[in-house]
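Some notes on the structure that comes next.
The values are calculated or read from the model by the stated rules, or taken from the named source; none is laboratory data. Since this is a predicted model, take the numbers as computed values, not measurements. No Cβ is skipped: glycine too gets one built from the backbone with ideal geometry, and neighbour counts run over all protein chains shown. These area figures cover heavy atoms from the full protein model, side chains too; ligands, DNA and RNA do not enter into them. Shrake-Rupley method; radii C 1.70, N 1.55, O 1.52, S 1.80 Å.
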Amino acid sequence: MTTMDEIISFVDGLDGVLTIRPAPGDGSPEISWGDTFFHYAPDGVVPAAAQPFATIVTKDYPGDEASRLDRADAFRVSIAAGKEAFVRWTGHAPREPAATEVDPSTPDTVIAHPAYGAVGWLAVVNPGERTEAATRELLRAAHHLARSRHERRTESTTR
């Protein structure tokens with residue numbers, strides 16, 4: 001199995017990544033403690049107008065219980081890898097229904113995110129041998145898209 005720390009280390013190694021790990025005493029909401037959020041922020045400041053390009057969550061959130069992260073050692077990597085990657089992995093566009101339903105709690109399987117699939121997010125519960133390479137590829141793609149969006153925003157404000 002790929003561990004959370006291995007994933008965090010991998011994403012931290014990509015250029016311009018700001019990794020946020022909410023914890024008690026830092027002013028973050030308690031529900032987010034123990035989770036990890038990855039932003040493209042080469043200046044080290046959380047972008048005001050951009051969502052993370054990937055997250056690792058360790059528990060069920062209200063309205064997002066389908067992955068059953070209440071199980072021991074369960075976590076989910078959520079990745080905004082773009083529409084092309086979404087279609088390649090799911091076989092359908094983000095807003096279209098899936099031909100077959102996949103149990104969102106199935107480990108080591110790339111799936112449409114159970115809560116954010118409609119906007120093109122993918123997810124993997126407990127990435128393992130089958131999805132380790134794919135998870136890294138998708139994280140690289142999400143990072144590339146986030147960097148491209150950041151560069152477009154930066155260019156438009158410097159003209």
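Some points to look at:
- Of the candidates 104, 127, 114, the single residue that is under 15 Å from the mean Cα position of the chain (by Cα) and within 23 Å of residue 17 (Cβ to Cβ) is 127.
- Scanning the range 61-78 for residues that are open to solvent by 70 Å² or more (accessible area, probe 1.4 Å), touching an Asp or Glu at 6+ places or on another chain (Cβ under 8 Å) and touching a residue at least 12 places away in the same chain (Cβ under 8 Å) yields a count of 1.
- Filter result for residue 81 (part of a strand (DSSP E or B) and touching a residue at least 40 places away in the same chain (Cβ under 8 Å)): no
- Test: residue 124 is more than 17 Å from residue 32 (Cβ to Cβ), part of a strand (DSSP E or B) and modelled with pLDDT of 95 or more: yes
- Selection within the range 127-145 - assigned to a helix (DSSP H, G or I), touching a residue at least 40 places away in the same chain (Cβ under 8 Å) and closer than 30 Å to residue 71 by Cβ: 132, 134, 135, 136, 138, 139, 140, 141, 142, 143
- Extreme residue, nearest to residue 61 (Cα to Cα), among residues of the range 121-153 that are open to solvent by less than 10 Å² (accessible area, probe 1.4 Å), among the aliphatic types (A, V, I, L, M) and in contact with an Asp or Glu (Cβ under 9 Å, 6 or more places away or on another chain): 125
- Qualifying residues in the range 91-120 (those that are open to solvent by 40 Å² or more (accessible area, probe 1.4 Å) and in contact with a strand residue (DSSP E or B) (Cβ under 6 Å, 6 or more places away or on another chain)) - the one farthest from residue 141 (Cα to Cα): 102
- Sub-7 Å Cβ pairs linking a first residue in the range 35-57 that is without any contact (Cβ under 8 Å) to a residue 24 or more places away in the chain to a second residue that is of a type in the set (A, V, I, L, M) and open to solvent by 20 Å² or more (accessible area, probe 1.4 Å), at least 6 apart or interchain, are 37/20, ordered by first then second residue.
- Any hit, the range 84-106, residues being farther than 22 Å from residue 2 by Cα, part of a loop (DSSP other than H, G, I, E, B) and touching a residue at least 24 places away in the same chain (Cβ under 8 Å): yes
- Number of residues in the range 1-59 that are under 15 Å from the mean Cα position of the chain (by Cα), open to solvent by less than 20 Å² (accessible area, probe 1.4 Å) and more than 23 Å from residue 70 (Cβ to Cβ): the value is 4.
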